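*Asks:* The structure that follows is given in the form of structure tokens.
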Amino acid sequence: MQQLANKRILLGISGGIAAYKSAELVRILTKAGAEVRVVMTQGALEFITPLTLQALSGNPVHHTLLDEEAEAGMGHIELARWADVILIAPATADLIARLAAGMGDELLTTLVLASKAPVFLAPAMNQQMWAAPTTQANLQTLADLKGDDFGLFGPDAGVQACGDVGPGRMLEPVDIAALLAKRFQAGVLTGKKVVITAGPTREALDPVRYISNHSSGKMGYALAQAALDAGAQVTLISGPVRIAAPDRVTLVNTVSAQDMLEASMACMGECDLFIASAAVADYRPADVAKHKIKKAGDDIQITLTKNPDIVATVANHEQRPTTVIGFAAETNDVDGYARGKLASKRLDMIVANDVSRSDIGFNSDDNAVTLYSRDGHQDFERMSKSLLATKLIQAFAERLSNTQLLQTEPDNGQ
Ligand code: C5P
């Protein structure tokens, strides 16, 4: 079910006795890393309370089309656009009929009309209602109209709540979730947790001044997007930047190197791949003046003290992520310095770029880099940071998967 991580699932619940199982479905989907928003029909409200589903999904439950308060939070069109997929479980015969007729008589039916997301139904009804020609014709209509964007999960056959025996029982929540997961393609980082540091750090001199650098954060943010696209759960630990974080990352805003270190340490034990793309200040003022430093004389002395090395601390941590990647921005002897840092910081790979070139690097949208590992190196010619990020993520994922394979291989010598 790893494919469900980061996915946005709009779970529709219509009014059938199987609605009590939807609570378990929400729990399974959220546990698999999906974000779930529940939409209930008026009928469903008779069977299960929104409060239960709100507690399990961690999101407000929607059930009224013309509710000013709900519309102010997330309007129905926004909700329709938000969904990667609409799953309706249980889907009653009545709801199926309304969907087939294209009705927008309440919130759930309106959302199905207003959304481009694929729709999957887990039917639940009496076996006679399931077999009814109208129900079957309605399902055929939906299949014809929506093509690949429509699917049925179940129903199961067996003893029904009404005492009948036959097809019409809703599938078990775990089976519904597994069928839904199969509809999403797995990426090279599906099921993996990735932590990325990005941007500059700011080291305070006094309440109004700081030491920093020109890092824009663009490379790290592009890596975060590429890792998300590859299926990972991404935590982006960012210094102050002017760009927006990709949707769906867990963003941790930091200011100083010390903050960034603390945020990184909080991820240990929960990280497979750590990518240190931040331009961390090597030094910080030894003392931060309590009040604004006043003009005095022609020269002033500031004593700087060394900052902790975040990526080296991560690489030497007892809960070290499987793969740790560093970056090296150099102005000369790029190869020598990069290889030196690879070894001294105990990294698996290091991405080196020549920041003496004005056409690439720090504030540019393009970059050209060399990726070093202990076994060799690979050149990436100048390209957009987003394309480069995709290629680098591919290389990091390969390294991660090879290492994890080696770690799990049985020792044949024993
Ligand atoms: O030693 P240098 O700063 O050139 O190393 C660059 C690499 O080390 C980058 O990956 C950067 O994010 C990381 N780094 C760090 N903490 C520091 C300094 C650098 O994580 N204090």
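*Asks:* Evaluate segment 235-244: report whether one residue or more is among the charged types (D, E, K, R), farther than 29 Å from residue 377 by Cα, part of a loop (DSSP other than H, G, I, E, B) and assigned by TED's automatic domain parsing to the domain that holds residue 207.
*Replies:* Taking every residue of segment 235-244 in turn, at least one turns out to be among the charged types (D, E, K, R), farther than 29 Å from residue 377 by Cα, part of a loop (DSSP other than H, G, I, E, B) and assigned by TED's automatic domain parsing to the domain that holds residue 207.
*Asks:* Which condition from (1) at pLDDT 95 or above; (2) of a type in the set (A, V, I, L, M); (3) under 23 Å from the mean Cα position of the chain (by Cα) is the one that residue 74 breaks?
*Replies:* The number of the failed condition is (1).
*Asks:* Return only the number of the condition from (1) closer than 18 Å to residue 397 by Cβ; (2) surrounded by fewer than 16 Cβ atoms within 10 Å (Cβ to Cβ) that residue 356 does not satisfy.
*Replies:* Looking at each condition in turn, residue 356 falls short on (1).
*Asks:* Among the numbered conditions (1) over 23 Å from residue 229 (Cα atoms); (2) out of contact with any Asp or Glu (no Cβ under 8 Å at 6 or more places or on another chain); (3) not hydroxyl-bearing (Ser, Thr, Tyr), tell me where residue 365 comes up short.
*Replies:* Single failed check for residue 365: (1).
*Asks:* Which members of segment 329-388 meet the condition of being under 22 Å from residue 272 (Cα atoms), touching a residue at least 40 places away in the same chain (Cβ under 8 Å) and within 13 Å of the ligand (Cβ to nearest atom)?
*Replies:* Of everything in segment 329-388, those that are under 22 Å from residue 272 (Cα atoms), touching a residue at least 40 places away in the same chain (Cβ under 8 Å) and within 13 Å of the ligand (Cβ to nearest atom) turn out to be 348, 349, 351.
*Asks:* Quick one: residue 111 ticks every box in (1) within 33 Å of the chain's Cα centre (by Cα); (2) surrounded by fewer than 17 Cβ atoms within 10 Å (Cβ to Cβ); (3) outside any loop (DSSP other than H, G, I, E, B) except a single one, so which number is it?
*Replies:* Every listed condition holds for residue 111 apart from (2).
*Asks:* Does residue 65 satisfy being aliphatic (A, V, I, L, M) and in a helix (DSSP H, G or I)?
*Replies:* So residue 65 fails the test.
*Asks:* Further, regarding this structure: Can you say whether residue 204 is modelled with pLDDT under 95, on the phi < 0 side of the Ramachandran plot and of a type outside the set (Val, Ile, Thr), as far as the supplied structure shows?
*Replies:* Answer is no for this residue.
*Asks:* Applying the selection to segment 306-328, what residues are under 28 Å from the mean Cα position of the chain (by Cα) and within 10 Å of the ligand (Cβ to nearest atom)?
*Replies:* Listed by number, the residues that qualify are 309, 310, 311, 312, 313, 314, 315, 324, 325, 326, 327, 328.
*Asks:* Now a separate question. Confirm whether residue 231 is small (Gly, Ala, Ser), touching a Lys or Arg at 6+ places or on another chain (Cβ under 9 Å) and assigned to a loop (DSSP other than H, G, I, E, B).
*Replies:* The answer is yes for residue 231.
*Asks:* With respect to residue 251, determine if the residue is farther than 20 Å from residue 307 by Cα and touching a Lys or Arg at 6+ places or on another chain (Cβ under 8 Å).
*Replies:* For residue 251, the condition - farther than 20 Å from residue 307 by Cα and touching a Lys or Arg at 6+ places or on another chain (Cβ under 8 Å) - is not met.
*Asks:* Note down all Cβ pairs under 6 Å where the first residue falls in segment 153-165 and is more than 12 Å from residue 130 (Cβ to Cβ) and without any contact (Cβ under 8 Å) to a residue 12 or more places away in the chain, the second is part of a strand (DSSP E or B) and among the hydrophobic types (A, V, I, L, M, F, W, C), and they're at least six residues apart or on different chains.
*Replies:* Going by the 6 Å Cβ cut-off, the qualifying pairs are 159/165.
*Asks:* Show the residue pairs meeting these rules: Cβ distance below 7 Å; 6+ apart or different chains; first residue within segment 287-312 and assigned to a loop (DSSP other than H, G, I, E, B); second residue within 16 Å of the ligand (Cβ to nearest atom) and of a type in the set (Asp, Glu).
*Replies:* Between residues of segment 287-312 that are assigned to a loop (DSSP other than H, G, I, E, B) and residues that are within 16 Å of the ligand (Cβ to nearest atom) and of a type in the set (Asp, Glu), the close pairs are 307/282.
Per-residue answers, yes or no, for (1) loosely packed, with under 13 Cβ neighbours inside 10 Å; (2) assigned by TED's automatic domain parsing to the domain that holds residue 263; (3) within 23 Å of residue 231 (Cα to Cα):
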site: 343; (1), (2), (3): yes, yes, no
site: 360; (1), (2), (3): no, yes, no
site: 374; (1), (2), (3): yes, yes, no
site: 386; (1), (2), (3): no, yes, yes
site: 395; (1), (2), (3): no, yes, yes
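*Asks:* So in segment 254-280, with the set limited to residues that are of a type in the set (Gly, Ala, Ser), farther than 12 Å from residue 236 by Cβ and assigned to a loop (DSSP other than H, G, I, E, B), which one is nearest to the ligand (Cβ to nearest atom)?
*Replies:* Applying the filter and picking the extreme gives 256.
The values are calculated or read from the model by the stated rules, or taken from the named source; none is laboratory data. This is a predicted model, so every value here is computed, not measured. A quick note on method: Cβ atoms are made from the backbone with ideal geometry, for glycine too, and the neighbour counts reach across all protein chains shown.
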